[in-house]
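Worksheet: one structure, shown below.
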Ligand code: NAP
């Protein structure tokens, strides 16, 4: 029997959809799942694509079904299961074969796995796949990390299954070892911030203006035809328009306000903190999800503290406020993306990856959860200025920051005056105001640090004296 071009282990939601996508694009694929009944079901339901699928019940049979050098995608639960599958697989593979982890791995695990195979003759690819179930089936955004040589072996299959934006593949090799999974992590961090800011705007519409879910849906629908056009705005319009079949009420009103999280947002915030790069939008979004989970405490606090009055908002022209909300959301997005790209710029230096910023923006334009028109503008901005320190100083985005500045200020201050929580939007405003100010206030912090810890400071005049005249014995300023 003709051997498969590629193999895939793990036939749950993501793996089975990815396998069907691979087969549909004309590639022969061998599949294996720990529980064989899933393999049977998958094969039985594969329809016409069965001709290109080799279902396998043992690891030996699976490996023998793939043409060497064998690329094997692992799409199982992230964490220890990946190591267990790798251990089981290694003994049947031979030199030149490539193990590809396509799950949501922590990039530090990816670096460890990459290094662990270094002298084995096998190579490791850590591959971020975004777009959920639908993306896996019809075209995800694919972020690849590993050796460039191993990527070349699988490039044809991967680009055949990836999403396309204006004919360009949303799949690219981004650097060695953990580069792909790092970029996927930051993608998810930005996704957290984007979702949080949309939720904050919804909160102003619902609790400030008193709009119904349907009215909120109509506003998001209108925005989706403008500069905010994106998958997340599109699905917000959709979910806000649906009614619950049980109660007949808007579905969104029947959902408990406790957000789940699997870890990639937190990892983004932690890595940003480790590198000393501000990612305040992502941090605010992770914190907001955490706070959302304290439902009982929040309910109790409301009885103890009460809610601030939301009366002031009634004196504002409603149409003006809605128009401001659209621009404020755009401004907040710029802040979150600018921070995400700044984190990747620093990581690129720290881990020696040379991450290509224009390419990253390019492969996020379609297939992934944060796909949007906006990412096409980021791609153009970074293509014109690939080494920009920060997205906000590129000409297009500098102009956008200036244009949306007033609206962001009005929205954040209106929210504050009416007791409506907008931590992510407020963090964007704080970020812009801190980043754009040539003379900040850290001189006082340096003076305090020198006072209590003799930590020293640099002087604005360059004079070689690094301690202040704080008093005897507190610091050496002689
Ligand atoms: P999942 O629910 O995370 O994992 C289930 C799969 O893992 C099953 O095939 C299961 O095999 C296998 N598995 C678990 N432990 C195993 C072990 N010790 N040895 C061998 N196989 C083991 O699957 P998923 O939702 O399809 O996600 C797969 C990966 O994609 C994860 O890393 C996930 O984070 C990532 N991801 C998911 C989404 C999404 O929307 N779901 C989006 C992007 C990325 P059995 O059938 O034998 O139990």
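The values are calculated or read from the model by the stated rules, or taken from the named source; none is laboratory data. Owing to the predicted nature of the structure, the values given are computational and were not obtained by experimental measurement. In this analysis, Cβ positions are derived from the backbone assuming ideal geometry, glycine residues included, and neighbour counts consider all displayed protein chains.
Side notes on the structure shown:
- Selection of the range 88-110 for residues being assigned to a loop (DSSP other than H, G, I, E, B) and within 17 Å of residue 77 (Cα to Cα) yields 102, 103, 104, 105, 106.
- Boolean, residue 103 is within 13 Å of the ligand (Cβ to nearest atom) and closer than 21 Å to residue 347 by Cβ: yes
- The one condition from (1) under 14 Å from the mean Cα position of the chain (by Cα); (2) in contact (Cβ under 8 Å) with a residue 12 or more places away in the chain that residue 270 does not meet is (2).
- Flag for residue 372 being at pLDDT 95 or above and assigned by TED's automatic domain parsing to the domain that holds residue 292: no
- Criterion (part of a loop (DSSP other than H, G, I, E, B) and either buried (at least 24 other Cβ atoms within 10 Å of the Cβ) or without any contact (Cβ under 8 Å) to a residue 40 or more places away in the chain (or both)) met by exactly one of 156, 152, 118: 118
- Filtered residues of the range 132-142 (kept if over 18 Å from residue 6 (Cβ atoms) and touching a strand residue (DSSP E or B) at 6+ places or on another chain (Cβ under 6 Å)): 141
- Which listed residue is within 13 Å of the ligand (Cβ to nearest atom), within 26 Å of residue 186 (Cβ to Cβ), touching a helix residue (DSSP H, G or I) at 6+ places or on another chain (Cβ under 8 Å) and not in a strand (DSSP E or B), from 137, 113: 137
- In the set (1) outside any strand (DSSP E or B); (2) buried (at least 17 other Cβ atoms within 10 Å of the Cβ); (3) touching a helix residue (DSSP H, G or I) at 6+ places or on another chain (Cβ under 8 Å), the condition left unmet by residue 83 is number (2).
- Residue 238 closer than 30 Å to residue 103 by Cβ and either without any contact (Cβ under 8 Å) to a residue 12 or more places away in the chain or in a helix (DSSP H, G or I) (or both): yes
- Only one of the numbered conditions (1) surrounded by fewer than 13 Cβ atoms within 10 Å (Cβ to Cβ); (2) under 21 Å from residue 339 (Cβ atoms) is not met by residue 439, and that is (2).
- When we screen 146, 126 for residues that are in contact (Cβ under 8 Å) with a residue 24 or more places away in the chain and either over 22 Å from the mean Cα position of the chain (by Cα) or within 16 Å of the ligand (Cβ to nearest atom) (or both), the only hit is 126.
- Filtered residues of the range 241-258 (kept if crowded, with 16+ Cβ neighbours inside 10 Å and not in a strand (DSSP E or B)): 241, 251, 252
- Unique match (being farther than 22 Å from residue 421 by Cα and touching a residue at least 40 places away in the same chain (Cβ under 8 Å)) among 201, 186: 186
- Failed condition for residue 229, given (1) crowded, with 18+ Cβ neighbours inside 10 Å; (2) in the same structural domain as residue 335 (by TED's automatic domain parsing); (3) within 20 Å of the chain's Cα centre (by Cα): (1)
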